[in-house]
Amino acid sequence: MDDRLADLYRGVAVHATADAEHQAALELLALVMLSDADINDSEVATVREISTEWHDQEFAFEDYLRPAIEHARRAIETEQVDAFLDRIDVRIRSRVLRNALFSAARDVAGVDDGVSPAENTLLAEVAVRFG
């Protein structure tokens, strides 16, 4: 009985951790989208595609993306981007996800056929932290 209970809680913890990591990754990608002060449909589509690859197909993308955008927007408006990145950094433990973040961020920044200076600065920070 104790083993089954431990297995149940172990599964819950893994699922909760994965959701927290996924939310943090979306916050990072939202920050990249907002860094040039313009969110366009191609950026959102790219984030959706990347996010779906990282999570199962039953994932409610909009339920996660809207809060991620709001958190990123607040960080930019209050000039707390470094602290925001610190909070993202702490929440992502998966090496696989950490390694994928720079590539994903670069894809989002470059989807609109140009990487702005603000996006370049953010990509450099992402490379240092996650690359």
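Values quoted throughout were computed directly from the atomic coordinates according to the rules given, and no laboratory measurement underlies them. Only a predicted model underlies this, so the values are computations on that prediction, with no experimental measurement involved. Here Cβ is always computed from backbone atoms with ideal geometry, including for glycine, and neighbour counts include all displayed protein chains.
Through the Karplus equation 6.51 cos²θ - 1.76 cosθ + 1.60, θ set to phi - 60°, convert the phi angles of the range 30-40 into ³J(HN,Hα) values in whole Hz; use x for Gly and Pro.
5, 4, 5, 4, 7, 5, 9, 6, 8, 10, 10
Between Ala60 and Asp107, what length comes free when the chain is fully extended (0.36 nm per residue of separation minus the Cα-Cα distance, one decimal in nm)?
Going from the current span to full extension adds 14.8 nm.
Which value in nm describes the separation of the simple spin-label points at Ala127 and Asp89, placed 7 Å from the Cα toward the beta carbon?
Spacing of the two 7 Å Cα→Cβ label points: 1.7 nm.
By per-residue mean of other Cβ atoms within 10 Å, what is the highest-first order of 72-81, 22-31?
Working: 72-81: 14.4, 22-31: 24.4.
Final packing ranking: 22-31, 72-81.
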